[in-house]
Amino acid sequence: MASALALVAALLFALAAALQQKGALNLPEISLRHPASLARLLGQTMWLAGTVALLAGYLFQAAALDRGRLAIIQPLLVTTVVFALPLGYFLTEQHVGRREAIGAAVIVVGLALFAVFGDPAGGRENAPGDEWEIAITVLALVCAVLILFGGRGGVTVRAAIYGTIAGILFGLSAALTKPTLGYFHVGIGDLLSHWEPYALAIAGALGFVLQQVSLGTGRLAPSVATVSVANPVVGILLGTVLLEERLSRPAWHIVVACVGLGLALAGAVAISIARETRKDSPAVATEPAPI
């Protein structure tokens with residue numbers, strides 16, 4: 001059930017990315033330097049529809065995390081890249097070639113290997129405050145370094161960097177969802193008396209804003225791919241280091257699981273490269289604009 005809920009969340013995230021980017025492309029550049037550009041998104045019907053899909057995806061992700069392990073739920077979200085391919089084809093007539101199809105197949109095979117041989121077990125719902133403090137500080141420093149370089153590269157580089165930062169923040173918010181749901185089951189009073197729900201809200205909101213900046217560049221493939229890669233990587237790290245989730249034994253199961261995860265992430269990157277190469281090729285200049 002948890003895996004099925006995670007796959008539904010991935011589908012909704014892919015739909016949200018497609019619709020939000022389509023709405024953003026009707027506007028001038030979306031930039032952190034011009035906060036008003038973000039506010040104008042509220043006037044775009046397609047963007048609002050994508051936001052509804054995104055919120056629904058969060059609900060399904062939370063339900064999955066409530067029933068399963070962080071280290072298995074987050075990697076399944078890499079399928080967002082796979083779902084983005086047919087959505088782009090049907091919604092905006094984007095071309096899906098052999099390289100994209102192979103990349104999608106690699107993602108599916110890799111995730112299947114990880115799910116079967118990884119089988120994360122054990123773990124705890126929360127970690128001591130000092131461990132959370134160290135983890136959040138490290139992730140904040142990584143995001144700060146990336147954002148310093150976010151505006152220095154080309155359009156594709158900016159999409160990838162802001163997408164990576166958004167993915168890191170989404171991975172952190174997913175980890176914080178575990179203790180937050182525990183407090184919620186006790187009661188609203190208990191929920192509001194702890195810091196984790198507020199940190200979750202801040203990380204989620206920042207990730208949302210930075211994802212809009214990434215999508216606003218018009219580069220859907222690197223934006224979705226980097227979010228879908230950074231999110232599970234951070235989720236697995238926090239799940240194993242903070243929440244003490246462990247992959248199954250024997251040791252060769254762990255090796256196969258890691259290989260599978262590596263294949264899935266490589267497939268996401270391959271799709272990104274394939275779509276950007278085709279998009280920048282003069283031979284396809286007459287194709288419909290990507291969403």
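The values are calculated or read from the model by the stated rules, or taken from the named source; none is laboratory data. Keep in mind that this is a model prediction, so the values were computed, not measured. FYI the Cβ positions are ideal-geometry reconstructions off the backbone, even for glycines, and counts take in every protein chain you see.
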Within the range 105-128, track down each residue that is farther than 21 Å from residue 258 by Cβ and either in contact (Cβ under 8 Å) with a residue 24 or more places away in the chain or of a type in the set (Val, Ile, Thr) (or both). 124, 125, 126, 127
Among the residues of the range 18-45, count how many are at pLDDT 80 or above and surrounded by 19 or more Cβ atoms within 10 Å (Cβ to Cβ). 2
Quick check: is even one residue across the range 155-172 modelled with pLDDT under 90 and surrounded by fewer than 16 Cβ atoms within 10 Å (Cβ to Cβ)? yes
Any chance the range 189-196 includes a residue that's within 23 Å of residue 78 (Cα to Cα) and of a type outside the set (Ser, Thr, Tyr)? no
Answer with yes or no whether residue 49 is more than 20 Å from residue 256 (Cβ to Cβ), in a helix (DSSP H, G or I) and free of Cβ contacts under 8 Å to residues at least 40 places away in the same chain. yes
Filter the range 203-226 down to residues that are more than 16 Å from residue 78 (Cα to Cα) and among the hydroxyl-bearing types (Ser, Thr, Tyr) and give me whichever is nearest to the chain's Cα centre (by Cα). 214
Quick check on residue 146: is it in a helix (DSSP H, G or I), in contact with an Asp or Glu (Cβ under 7 Å, 6 or more places away or on another chain) and either closer than 18 Å to residue 227 by Cα or among the β-branched types (Val, Ile, Thr) (or both)? no
Could you give me the residue pairs with C-beta distances under 6 Å whose first residue belongs to the range 1-17 and is farther than 19 Å from residue 66 by Cα, whose second residue is among the polar types (S, T, N, Q) wherever it lies, and which are 6+ apart or on separate chains? 14/80
Residues of the range 244-270 being out of contact with any helix residue (DSSP H, G or I) (no Cβ under 6 Å at 6 or more places or on another chain) and either outside any helix (DSSP H, G or I) or of a type in the set (Gly, Ala, Ser) (or both), in sequence order, are 244, 246, 248, 249, 250, 251, 262, 266
Give 255, 241, 229, 233 a once-over and let me know the one that is at pLDDT 85 or above, surrounded by 18 or more Cβ atoms within 10 Å (Cβ to Cβ) and closer than 20 Å to residue 70 by Cα. 233
I want to confirm something. Restricting to the range 96-125 and keeping residues that are outside any helix (DSSP H, G or I) and over 22 Å from the mean Cα position of the chain (by Cα), which single residue is surrounded by the most Cβ atoms within 10 Å (Cβ to Cβ)? 123
Has the range 208-218 got any residue that is outside any helix (DSSP H, G or I), touching a helix residue (DSSP H, G or I) at 6+ places or on another chain (Cβ under 6 Å), on the phi < 0 side of the Ramachandran plot and not hydroxyl-bearing (Ser, Thr, Tyr)? yes
